[in-house]
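Visitor: The following block contains the structure, expressed as C-alpha cells.
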Amino acid sequence: MTMYLGVRGVDNKIRNVDDSNGYPVKVTGSIIKDSWSGSTTNTRTFTTPMTGFAIVNRDASSALTFTINGITITVDPKEPFDGKFDPFTSVTITTTVAYKAIVMG
C-alpha cells in the first residue's frame, strides 16, 4: 500500500520521507499518526504517546530546532532527521523556515 502525504514513498513497512530535493529519511517499525508542514514555531500535542519523529528542513540557509522529551535537536539547512524516542505526547518545532514533519506511534 502506498499513500501520498506530501512526501514521497510511504508504505506499510518502510517509510521514506523526501522533501522533493533528494533528502530521504527512512523510518521503520512504526505507524504514521500525523503529518504536517509549516514555517513557524509550532507545538503539536498528541492524545496518545508517540515514539517516532521525522522532519526535513526545506530551507537552504537556516537551521531549525525541535524538542521532544526535553531533548532539543538542531536540523541544519536541507537536512533530514528521523529518530525513535521514549514515548512522548508533544513536539515543539522552533523555526522561521519551511519544514515537513511526520510523527509515528
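Visitor: Mind listing whichever residues of region 81-100 are part of a strand (DSSP E or B) and of a type in the set (S, T, N, Q)?
Guide: Thr89, Ser90, Thr92, Thr94
Visitor: In region 19-56, which residues are under 19 Å from Thr96 (Cβ atoms) and at pLDDT 60 or above?
Guide: Trp36, Ser37, Gly38, Ser39, Thr40, Thr41, Asn42, Thr43, Arg44, Ile55, Val56
Visitor: Which residues, taken from region 74-105, are farther than 19 Å from Ile31 by Cβ, surrounded by 14 or more Cβ atoms within 10 Å (Cβ to Cβ) and free of Cβ contacts under 8 Å to residues at least 40 places away in the same chain?
Guide: Within region 74-105, Val75 is the sole residue that qualifies.
The values are calculated or read from the model by the stated rules, or taken from the named source; none is laboratory data. Just so you know, these numbers come straight off a predicted model, no measurement behind them. Ideal geometry is used to build each Cβ from the backbone, glycine not excepted, and the neighbour counts take in all protein chains shown.
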